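Written below as structure tokens is the structure these notes are about.
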Amino acid sequence: MSTPYPKTAGPLRIQDNTLRDGHQSLFATRMRTEDMIPAAEQLDGAGFWALEIWGGATFDAMHRFLGEDPWERPRILKRYLKKTPCAMLLRGQNLVGYRHYADDVVNAFVDKACEAGIDVFRVFDALNDFRNLETALARIRANGKHCQGTICYSLTGRRLGGDVYTLDYYLARARELEAMGVDSLCIKDMAGIMSPYDARDLITLLKRQLRLPLHLHTHETSGMGTMTYLKAVEAGLDGLDTCLGPFAGRMSMPAAEPIVAALQGTPRDTGLDLARLIRVSLELEKLFPRYQSYLVPRRLSLIDSGVLAHQIPGGMISNLVVQLRDMRALDRLNEVCEEIPVTRRELGNPPLVTPISQIVAVQAVMNVLFGKYRMVSNQLKDLVYGLYGRTPTPVDPELRKKILKRYKRGAIPMTGRPADDLEPELAAAAERIGNLARSEEDVLTYTLYPVTGEQFLREKYKTG
């Protein structure tokens, strides 16, 4: 009997993201470490390739909203994850913040993350400008950890193709990462907009052209996630991301349980312990009352078909809801979602992923509430100037002129690697924070987040 699976494909690897991207997508990254410990302990022997526990927005949310030291989470969870590698999402030169940091900060952060227990680094750049990955990748390799180079998936039309995001575009980016010496390659579909047949075509092409293990990350926001995974698996995909049932679906990732069940007895059988996953899911259900207030309110639908137009990632939507609710403008959410793709196109068609997604979203909110580009954030000026790297397409010259008017760095955009213009930061940051920082991790926290980081350290050490 014939099989749809390539002969070279073996058991499918699964990375579970329940303890990071799952609660970031559904609950605005508010899950506490203490609530993760029981799940981590039970999942350690389930057979996952890795568990994502850190990175993304967790560093920000932990010190800003939860009063937890971000560096402690991987240390704590590592005590319970003795068999399963711990993974994190790293934003290249942005690390876990919202701007580019100097190379000395990147090197120190990677070193400390390795010491804290991170084994697998998924590294991406929000503009797919891989000059911004060079320092982090080199440091990860120097520490002997797994380096997963990542391409952010985006579209310029309803399907793969159009002016920018074509098969040739992704193949060229993938070859760049392969030449940089990454251990594996991930396609990061943060908004869940990859269609099943585009996934088949893309994975088939990359598997034919590359020797790297290939991983896919998507979300269920549009309702296509599980179908997309199935077609990618049939095309020879090596690994994918899931969340456990209670933290899956909606704007999060596809659920692990049905994927594991569907592949049982096939050449791609994951080998995961389905009974154990079901038991852990039942325990996670008990956490719902603590976090339900962060779910998008007043929605009957489990999917957001609008994402096929606005391409907004799940975590971005949940944070937009919180921000607009705080501004007493939640009734303008639909207008903001309609404005985001317009603003994105005007700003060079960047993928909508942190930190660029926040920059575009903030500008879209201001465009809706106050008028088109009547107010412009400093971060948007930095983006248009080139401090985040090259945008996929050029910003309209007239709009660029308007945005960079009276900009402190000038009106002519830079063209080099952004970090080359940054002076070392750590020594100066350590001097500014003084005795309030009692470890290298404290200095890094302050460097990444000078205002909220200092507030956190004062609370941590109970100083005035």
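The values are calculated or read from the model by the stated rules, or taken from the named source; none is laboratory data. Remember, it's a predicted structure, so these values are computed and weren't measured experimentally. Cβ coordinates were reconstructed from backbone atoms using ideal geometry, including for glycine residues, and neighbour counts include every protein chain displayed.
Can you go through H100, H63, H23 and tell me which one is in a loop (DSSP other than H, G, I, E, B) and crowded, with 22+ Cβ neighbours inside 10 Å? Among H100, H63, H23, only H100 is in a loop (DSSP other than H, G, I, E, B) and crowded, with 22+ Cβ neighbours inside 10 Å. Taken over segment 229-262, residues that are hydrophobic (A, V, I, L, M, F, W, C) and assigned to a loop (DSSP other than H, G, I, E, B) amount to 6.
On the basis of being free of Cβ contacts under 8 Å to residues at least 60 places away in the same chain, out of contact with any Lys or Arg (no Cβ under 9 Å at 6 or more places or on another chain) and of a type outside the set (S, T, Y), does A138 make the cut? In short, yes. One residue is enough: does segment 344-351 have a residue meeting the conditions buried (at least 17 other Cβ atoms within 10 Å of the Cβ), part of a loop (DSSP other than H, G, I, E, B), touching a helix residue (DSSP H, G or I) at 6+ places or on another chain (Cβ under 7 Å) and of a type outside the set (F, W, Y)? Yes - at least one qualifying residue is present in segment 344-351. Of all residues in segment 191-218, those that are more than 16 Å from A9 (Cα to Cα) have Cβ atoms under 8 Å from Cβ atoms of residues that are at pLDDT below 95 and assigned to a helix (DSSP H, G or I), 6 or more apart or on another chain, in A191/V307; A191/G314; G192/V307; G192/G314; I193/V307; I193/L308. Just one of the listed residues (R73, R122, R79) is more than 17 Å from P418 (Cα to Cα), of a type in the set (D, E, K, R) and surrounded by fewer than 19 Cβ atoms within 10 Å (Cβ to Cβ), namely R79. For F109, which of the numbered conditions (1) under 23 Å from V182 (Cβ atoms); (2) surrounded by 23 or more Cβ atoms within 10 Å (Cβ to Cβ); (3) free of Cβ contacts under 8 Å to residues at least 60 places away in the same chain fails to hold? Of the numbered conditions (1) under 23 Å from V182 (Cβ atoms); (2) surrounded by 23 or more Cβ atoms within 10 Å (Cβ to Cβ); (3) free of Cβ contacts under 8 Å to residues at least 60 places away in the same chain, the odd one out for F109 is (3).
Considering every residue within segment 270-277, establish whether at least one is polar (S, T, N, Q), in a loop (DSSP other than H, G, I, E, B), surrounded by fewer than 17 Cβ atoms within 10 Å (Cβ to Cβ) and assigned by TED's automatic domain parsing to the domain that holds Q24. No, the conditions are met nowhere in segment 270-277.
Cβ separations smaller than 7 Å between residues 6+ apart or across chains give the following pairs from segment 304-328 residues that are modelled with pLDDT of 75 or more to residues that are of a type in the set (D, E, K, R): L308/R158; L324/R332.
Of the residues making up segment 165-204, those that are surrounded by fewer than 17 Cβ atoms within 10 Å (Cβ to Cβ) and part of a loop (DSSP other than H, G, I, E, B) number 4.
Candidates P394, P450, P424: the one that is under 16 Å from E346 (Cβ atoms) and surrounded by fewer than 18 Cβ atoms within 10 Å (Cβ to Cβ) is P394.
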